[in-house]
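Q: Sharing a structure with you now.
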Amino acid sequence: MMKKLNLIPLLAISFLLYLPSCNDNSPDPDVIQLLINSSVEAGNQQPNKWWVGPGGSHQTSWTNGHSFTGEKSLLISSDNDVGEFTYWYQSVGEDIPIGRRLRLSSMIKLDNVDPNSDGVSIAVRGDDKDQQSVFFYTTQGDVPIRGNADWEKYSIEMKSNIPDEVTRMWVFLILLDNTQGKVYFDDITLETIN
């Protein structure tokens, strides 16, 4: 005599095995992260692949103690409301995803950034082979980043795709002109948008 199989437990087990694949939090394989050392943890005397722009008059440091993840962050500070803008930057010159749009994001912590100043901004620029700007996107003038705030994510998205003539891109993390206070940057990403 043939045994009758109870399919309900088998269906329940199959459903439970299927469920994790529906709620998969793994990264999207079509999204490309272009920055190196985005958590700013790697480096010896300075963070790998991150540089300070020339000519600024505010102070910069690679600091411990204030971070969103890990132990390190990038700091720009000014003790007075006079001085030229200062920035950390990274450039991307290989594997530029021509024809894709990008999103620049950073976790930012603010410590007494003058609420009446221009404050802080993040920006991304694309240059051609002659080092002429092809595109430039910034939060400056659109997204006020100033005052006091614990870690918060700020982003800016390209409105159009990267043109063919772009050969190098730049990411800037900026304390703007005549701004007093401290700003910390961490978990900086430049990613393609689907």
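The values are calculated or read from the model by the stated rules, or taken from the named source; none is laboratory data. Everything numeric in this text was worked out from a predicted model, so none of it was measured. Reconstructed Cβ throughout: ideal geometry from the backbone, glycine too, with neighbour counts over all protein chains shown. To get the accessible areas, we keep the full protein, side chains included, count just its heavy atoms, and leave off ligands, DNA and RNA. Shrake-Rupley method; radii C 1.70, N 1.55, O 1.52, S 1.80 Å.
Q: Would you please name the residue that is farthest from residue 168 (Cα to Cα), looking only at residues in region 58-76 that are open to solvent by 20 Å² or more (accessible area, probe 1.4 Å) and small (Gly, Ala, Ser)?
A: It comes out as 65.
Q: In this structure, is residue 99 out of contact with any Gly (no Cβ under 9 Å at 6 or more places or on another chain), in a loop (DSSP other than H, G, I, E, B) and touching a residue at least 60 places away in the same chain (Cβ under 8 Å)? I'd like the intermediate steps shown before the answer.
A: Details: out of contact with any Gly (no Cβ under 9 Å at 6 or more places or on another chain): yes; in a loop (DSSP other than H, G, I, E, B): yes; touching a residue at least 60 places away in the same chain (Cβ under 8 Å): yes.
The answer is yes for residue 99.
Q: Another question, if that's okay. Any idea which of (1) farther than 19 Å from residue 154 by Cα; (2) open to solvent by 20 Å² or more (accessible area, probe 1.4 Å); (3) within 15 Å of the chain's Cα centre (by Cα) is the one residue 92 doesn't satisfy?
A: (2)
Q: How many residues are touching a Phe, Trp or Tyr at 6+ places or on another chain (Cβ under 9 Å) and within 18 Å of residue 127 (Cβ to Cβ) when one looks only at region 51-70?
A: 2
Q: Here is a list of conditions, (1) touching a Ser or Thr at 6+ places or on another chain (Cβ under 9 Å); (2) within 17 Å of residue 183 (Cβ to Cβ); (3) open to solvent by 40 Å² or more (accessible area, probe 1.4 Å), and residue 116 meets all of them except one; can you say which number that is?
A: (1)
Q: Report the residue count in region 61-70 for those that are modelled with pLDDT of 95 or more and in a strand (DSSP E or B).
A: Of the residues in region 61-70, 3 are modelled with pLDDT of 95 or more and in a strand (DSSP E or B).
Q: Since residue 73 meets every condition but one in (1) part of a loop (DSSP other than H, G, I, E, B); (2) under 15 Å from the mean Cα position of the chain (by Cα); (3) over 16 Å from residue 123 (Cα atoms), which condition does it not meet?
A: (1)
Q: Could you give every pair whose Cβ atoms fall below 8 Å, whose first residue belongs to region 21-43 and is under 19 Å from residue 94 (Cβ atoms), and whose second residue is surrounded by 12 or more Cβ atoms within 10 Å (Cβ to Cβ) and at pLDDT below 95, counting only separations of at least 6 or pairs across chains?
A: From residues that are under 19 Å from residue 94 (Cβ atoms), the pairs are 31/193.
Q: Hey, which of the strands (runs of 3 or more DSSP E) in region 104-194, taking only ones fully inside, have at least 1 residues that are among the aromatic types (Phe, Trp, Tyr)? Show your work before the answer.
A: Numbers: elements: 120-127, 133-138, 147-157, 168-175, 181-193.
Output list reads 133-138, 147-157, 168-175, 181-193.
Quick grid of which residues meet (1) within 22 Å of residue 58 (Cα to Cα); (2) open to solvent by 30 Å² or more (accessible area, probe 1.4 Å):
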{"site": "122", "(1), (2)": "yes, no"}
{"site": "129", "(1), (2)": "no, yes"}
{"site": "135", "(1), (2)": "no, no"}
{"site": "140", "(1), (2)": "yes, yes"}
{"site": "144", "(1), (2)": "yes, yes"}
{"site": "147", "(1), (2)": "yes, no"}
{"site": "157", "(1), (2)": "no, yes"}
{"site": "161", "(1), (2)": "no, yes"}
{"site": "165", "(1), (2)": "no, yes"}
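Q: Could you check, for region 121-133, whether at least one of its residues is among the aliphatic types (A, V, I, L, M) and over 16 Å from residue 172 (Cα atoms)? Please lay out each step first, then the result.
A: Here is the first cut: in region 121-133, the residues among the aliphatic types (A, V, I, L, M) are 122-124.
Now narrow it down to the ones that are over 16 Å from residue 172 (Cα atoms): none.
Looking through region 121-133, none of the residues is among the aliphatic types (A, V, I, L, M) and over 16 Å from residue 172 (Cα atoms).
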